[in-house]
1. Do the conditions hold for Lys180, that is, is it farther than 24 Å from Gln28 by Cβ and assigned to a strand (DSSP E or B)?
2. Can you name every residue in segment 143-177 that is in a helix (DSSP H, G or I) and open to solvent by 80 Å² or more (accessible area, probe 1.4 Å)?
3. Yes or no: Glu86 in the same structural domain as Ser7 (by TED's automatic domain parsing), within 15 Å of the ligand (Cβ to nearest atom), open to solvent by 10 Å² or more (accessible area, probe 1.4 Å) and touching a Lys or Arg at 6+ places or on another chain (Cβ under 7 Å)?
4. Within segment 39-56, is even one residue more than 13 Å from the ligand (Cβ to nearest atom), open to solvent by 20 Å² or more (accessible area, probe 1.4 Å) and among the hydrophobic types (A, V, I, L, M, F, W, C)?
5. Consider Arg177 carefully, then state whether it is farther than 26 Å from Val15 by Cβ and touching a Cys at 6+ places or on another chain (Cβ under 9 Å).
6. Just to check your reading of the model, which residue among Ile140, Ile136 is more than 15 Å from the ligand (Cβ to nearest atom) and buried (at least 17 other Cβ atoms within 10 Å of the Cβ)?
7. Do we find that Gln193 is in contact with a Ser or Thr (Cβ under 6 Å, 6 or more places away or on another chain) and within 26 Å of Leu246 (Cα to Cα) in this structure?
Amino acid sequence: MKILYFSGTGNSLYVAKLLGEEIIPIKQYHTDPQPIFEDDVIGIIFPVYWISVPVYVRQFLEKSTFHCDYLFGIMTYGDHHYGASELLFEVKTANGRTFDYINYVKMVENYLPMYEMNREIKKAQSYYTEATIVTIRTEIADRKIYRPKASRFSQKLSKKMNQKHCQAIRENEGEARNLKITNGCISCGICVQICPMHNISMNYRNVYIGMNCADCLACIQNCPKGAIHTAKEKSKARYRNPNISLQELL
Ligand SMILES: Cc1cc2nc3c(=O)[nH]c(=O)nc-3n(C[C@H](O)[C@H](O)[C@H](O)COP(=O)(O)O)c2cc1C
């Protein structure tokens with residue numbers, strides 16, 4: 001079994017680690033125009049963005065070929081997913097493959113412009129994260145065919161929000177437009193290494209954020225000095241999954 005993942009703050013990587021042994025970050029294939037994967041079972045794990053599938057993940061799936069008997073997708077989320085599962089089910093890989101199994105895991109909500117991190121971390125203590133992962137592991141082992149059904153309303157809403165997410169990334173360059181680097185920056189280069197889009201660069205002293213942003217907030221959340229801010233953040237508190245080290249996300 002091969003598990004691919006995309007993770008800004010470690011939630012999806014944590015799920016990937018609990019589900020499989022061979023885990024691969026999709027950012028490894030950023031410049032590969034046609035990645036090919038082969039195994040009996042292949043899975044992909046990533047966060048819900050804008051109650052839909054992140055543009056970055058959809059583009060990865062559409063350019064990739066999957067030769068497998070069973071393909072599953074797990075989405076981590078913090079608050080609402082509405083019709084995200086239906087949108088993932090509509091995605092076709094480069095060789096026309098669709099998902100056999102789709103499910104969600106509720107974890108800490110990390111969207112800084114709308115949520116306060118300390119509050120979200122506290123709330124998540126009551127989530128059944130590990131129990132959900134155990135159930136998912138059993139269902140995958142049984143090769144269950146499943147996806148959570150969503151109402152027509154939820155599907156419509158997710159489609160609409162997905163269009164907005166695409167538009168934000170295309171026209172307004174995603175969250176990058178709101179990012180500011182403050183004097184606390186020590187030019188450690190973590191943000192440069194962690195960005196899946198290679199959108200952050202650095203000369204001997206200054207850090208520059210470009211306009212090719214996936215919206216993952218990994219640079220802000222993982223800055224060791226808390227020196228990167230977004231204009232709309234609810235507080236200065238930051239989040240990374242406590243089971244995942246910074247090194248694992250680079
Ligand atoms: C740009 C962005 C959009 C998000 N949109 C949603 C959303 O619509 N619904 C939701 O429940 N969580 C949303 N989240 C929260 C993440 O899905 C959630 O915290 C996820 O577990 C983070 O996974 P990661 O640590 O692997 O990046 C969003 C996060 C980001 C950065």
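The values are calculated or read from the model by the stated rules, or taken from the named source; none is laboratory data. This is a predicted model, so every value here is computed, not measured. Glycine also receives a Cβ, built like all others from the backbone with ideal geometry; neighbour counts cover every protein chain displayed. Side chains included, ligands, DNA and RNA excluded: accessible areas come from the protein's heavy atoms. Shrake-Rupley method; radii C 1.70, N 1.55, O 1.52, S 1.80 Å.
1. Values: farther than 24 Å from Gln28 by Cβ: yes; assigned to a strand (DSSP E or B): yes.
Considered against the rule, which asks whether it is farther than 24 Å from Gln28 by Cβ and assigned to a strand (DSSP E or B), Lys180 comes out as yes.
2. Within segment 143-177, Arg152, Phe153, Lys156, Lys159, Lys160, Gln163, Lys164, Gln167, Arg170, Glu171, Arg177 qualify.
3. The answer is no for Glu86.
4. First pass over segment 39-56, keeping only residues more than 13 Å from the ligand (Cβ to nearest atom): 39-43.
Checking which are open to solvent by 20 Å² or more (accessible area, probe 1.4 Å) leaves us with 39-40.
Those still in the list that are among the hydrophobic types (A, V, I, L, M, F, W, C) too: none.
No, segment 39-56 contains no residue that is more than 13 Å from the ligand (Cβ to nearest atom), open to solvent by 20 Å² or more (accessible area, probe 1.4 Å) and among the hydrophobic types (A, V, I, L, M, F, W, C).
5. For Arg177, the condition - farther than 26 Å from Val15 by Cβ and touching a Cys at 6+ places or on another chain (Cβ under 9 Å) - is met.
6. Unique residue meeting the criteria: Ile140.
7. For Gln193, the condition - in contact with a Ser or Thr (Cβ under 6 Å, 6 or more places away or on another chain) and within 26 Å of Leu246 (Cα to Cα) - is not met.
Okay, residues lined up against (1) more than 19 Å from Cys216 (Cβ to Cβ); (2) over 17 Å from the mean Cα position of the chain (by Cα); (3) assigned by TED's automatic domain parsing to the domain that holds Ala214:
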residue: Thr9; (1), (2), (3): no, no, no
residue: Tyr14; (1), (2), (3): no, no, no
residue: Ile23; (1), (2), (3): no, no, no
residue: Asp40; (1), (2), (3): yes, yes, no
residue: Pro47; (1), (2), (3): no, no, no
residue: Trp50; (1), (2), (3): no, no, no
residue: Tyr56; (1), (2), (3): no, no, no
residue: Phe72; (1), (2), (3): yes, no, no
